[in-house]
Amino acid sequence: MEYNEEQHAHFTEHGYVRLGKVLDGAGLAELQRRIDAIMLGEFSYPEMDFQLDGGDADYAKMPTVTPGHKGATLQYRKIMGLERDPVFLGYMQHPFFRQLTQRLIGEDVSIFRAMFMNKPAERGTVLPWHQDVGVGWGVDNNPTATVWTALDPAVVATGCMQVVPGSHKHGVISERHFPAEEQLAECAPPGLEIDLEAEAGEAILLNNLMLHRSGVNSTEQSRRAFSIAYMDGASRSTRTGEGYPMIFGDGALVPALS
Ligand SMILES: O=C(O)CCC(=O)C(=O)O
């Protein structure tokens, strides 16, 4: 696989581009099994952040995200810190992503986050329009690009992502995570959004400035996905001054045997 100039031109113009099926059958099955095993507590990762799905579609009512496993269940909404898991780290360091991030970022690449996002069967939370940047993220340099990989079919009925193509060109719309109504009326007027449906194993590259959102899952199948926000390896936390987990280049993490 190669990130080509045609894809790059699409990404630059529209703020997203389809990267194709990065995961084949065996690779997909491995990540599916692994995330289920993490949810079921078969591996112990007390430092990872876990959030249960609250069973309520309303974003405002969802449980908080805190470190540590919250019980053996597949009803998690979000798990962050997956770079600690060798199987997920291995995927994050896929040679294709190395080439892609060299093109977009450079040699030294870290991550803001490596996050599992789930819409459990017949559940899920509405995630309102947002960009993945802003002072609230606490990074001295806004993250550049997210690779979002579907681990199950992501279609309208399972709560696929929606995006407003071209909305990255507005720059930072709000320093808060969710823009205000009047900002959305200007930058995401109804009718401009598209459904970003994806097959299981397919990856999509998103500009972090692009407005995106997702809905709930009305089907009996989960909608699991893995989202990696890559950024310049020199980025520092504005809160602690510390750097972030390195994925490529100087100081890159090495997957430990599991
Ligand atoms: O998976 C989703 O529904 C949303 C993901 C998202 O917002 C992200 O990856 O930044």
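The values are calculated or read from the model by the stated rules, or taken from the named source; none is laboratory data. Computed from a prediction, not measured in an experiment: that's the story for all the values here. Cβ placement follows ideal geometry from the backbone for every residue including glycine, while neighbour counts extend to all protein chains displayed.
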Check your understanding: If Val133 satisfies every condition in (1) touching a helix residue (DSSP H, G or I) at 6+ places or on another chain (Cβ under 6 Å); (2) part of a loop (DSSP other than H, G, I, E, B); (3) of a type in the set (A, V, I, L, M, F, W, C) but one, which is the exception?
Key -> (1)
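Out of the residues in the range 165-187 meeting the condition of being touching a residue at least 60 places away in the same chain (Cβ under 8 Å) and part of a loop (DSSP other than H, G, I, E, B), tell me which one is nearest to Val126 (Cα to Cα).
Taking the range 165-187 first, the residues touching a residue at least 60 places away in the same chain (Cβ under 8 Å) are 165-169.
Narrowing further to those that are part of a loop (DSSP other than H, G, I, E, B): 165-166.
On the way: Pro165: 20, Gly166: 22 Å.
Within the range 165-187, the match that is nearest to Val126 (Cα to Cα) is Pro165.
Going through Ala200, Ala188 one at a time, which residue ends up being modelled with pLDDT under 95 and not basic (Lys, Arg)?
Values: Ala200 fails: modelled with pLDDT under 95.
Unique residue meeting the criteria: Ala188.
For the range 1-44, what are the residues that are of a type in the set (Phe, Trp, Tyr), part of a helix (DSSP H, G or I) and surrounded by fewer than 17 Cβ atoms within 10 Å (Cβ to Cβ)?
So the first thing to find is which residues in the range 1-44 are of a type in the set (Phe, Trp, Tyr), and the list is 3, 11, 16, 43.
Still in the running and part of a helix (DSSP H, G or I): 11.
Residues satisfying the conditions do not exist here.
Inside the range 204-258, counting only strands (runs of 3 or more DSSP E) that do not spill past its ends, which hold 2 or more residues that are touching a residue at least 60 places away in the same chain (Cβ under 8 Å) and within 13 Å of the chain's Cα centre (by Cα)?
212-214, 223-232
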Study note, to complete from the structure: The condition from (1) touching a Ser or Thr at 6+ places or on another chain (Cβ under 6 Å); (2) among the hydrophobic types (A, V, I, L, M, F, W, C); (3) surrounded by fewer than 22 Cβ atoms within 10 Å (Cβ to Cβ) that Ala72 misses is numbered (1)
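Thr101 - would you say it is buried (at least 23 other Cβ atoms within 10 Å of the Cβ), of a type in the set (Val, Ile, Thr), modelled with pLDDT under 95 and over 13 Å from the mean Cα position of the chain (by Cα)? Please lay out each step first, then the result.
Details: buried (at least 23 other Cβ atoms within 10 Å of the Cβ): yes; of a type in the set (Val, Ile, Thr): yes; modelled with pLDDT under 95: no; over 13 Å from the mean Cα position of the chain (by Cα): yes.
Spelling it out, it is not the case that Thr101 is buried (at least 23 other Cβ atoms within 10 Å of the Cβ), of a type in the set (Val, Ile, Thr), modelled with pLDDT under 95 and over 13 Å from the mean Cα position of the chain (by Cα).
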Exercise for review: Scan Gly124, Gly106, Gly55 and give me the residue that is under 17 Å from the mean Cα position of the chain (by Cα), in contact (Cβ under 8 Å) with a residue 12 or more places away in the chain and assigned to a loop (DSSP other than H, G, I, E, B).
Suggested key: Gly124
Study note, to complete from the structure: Of (1) closer than 30 Å to Thr219 by Cα; (2) touching a residue at least 24 places away in the same chain (Cβ under 8 Å), Asn142 fails just (1)
Practice item. Could you please let me know if Gln162 is over 22 Å from Asp24 (Cβ atoms) and either β-branched (Val, Ile, Thr) or within 16 Å of the chain's Cα centre (by Cα) (or both)? Key: yes
Exercise for review: Kindly indicate whether any position in the range 82-97 is buried (at least 20 other Cβ atoms within 10 Å of the Cβ) and of a type in the set (Val, Ile, Thr).
Suggested key: no
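Only one residue in Gly138, Gly171, Gly124, Gly191 is within 11 Å of the ligand (Cβ to nearest atom) and of a type in the set (Gly, Ala, Ser), so which one is that?
Values: Gly138 fails: within 11 Å of the ligand (Cβ to nearest atom); Gly171 fails: within 11 Å of the ligand (Cβ to nearest atom); Gly191 fails: within 11 Å of the ligand (Cβ to nearest atom).
Just one listed residue meets the conditions, Gly124.
Identify the residue in the range 144-158 that is away from the ligand (no atom under 12 Å from the Cβ) and not hydrophobic (A, V, I, L, M, F, W, C) and, among all such residues, is modelled with the highest pLDDT. Break it down into steps so the answer makes sense when it comes.
The first filter runs over the range 144-158 and keeps only residues away from the ligand (no atom under 12 Å from the Cβ), leaving 144, 153, 155-157.
Now drop any that are not not hydrophobic (A, V, I, L, M, F, W, C), which leaves 144, 153.
Numbers: Thr144: 83, Pro153: 97.
Per the stated criteria, the residue is Pro153.
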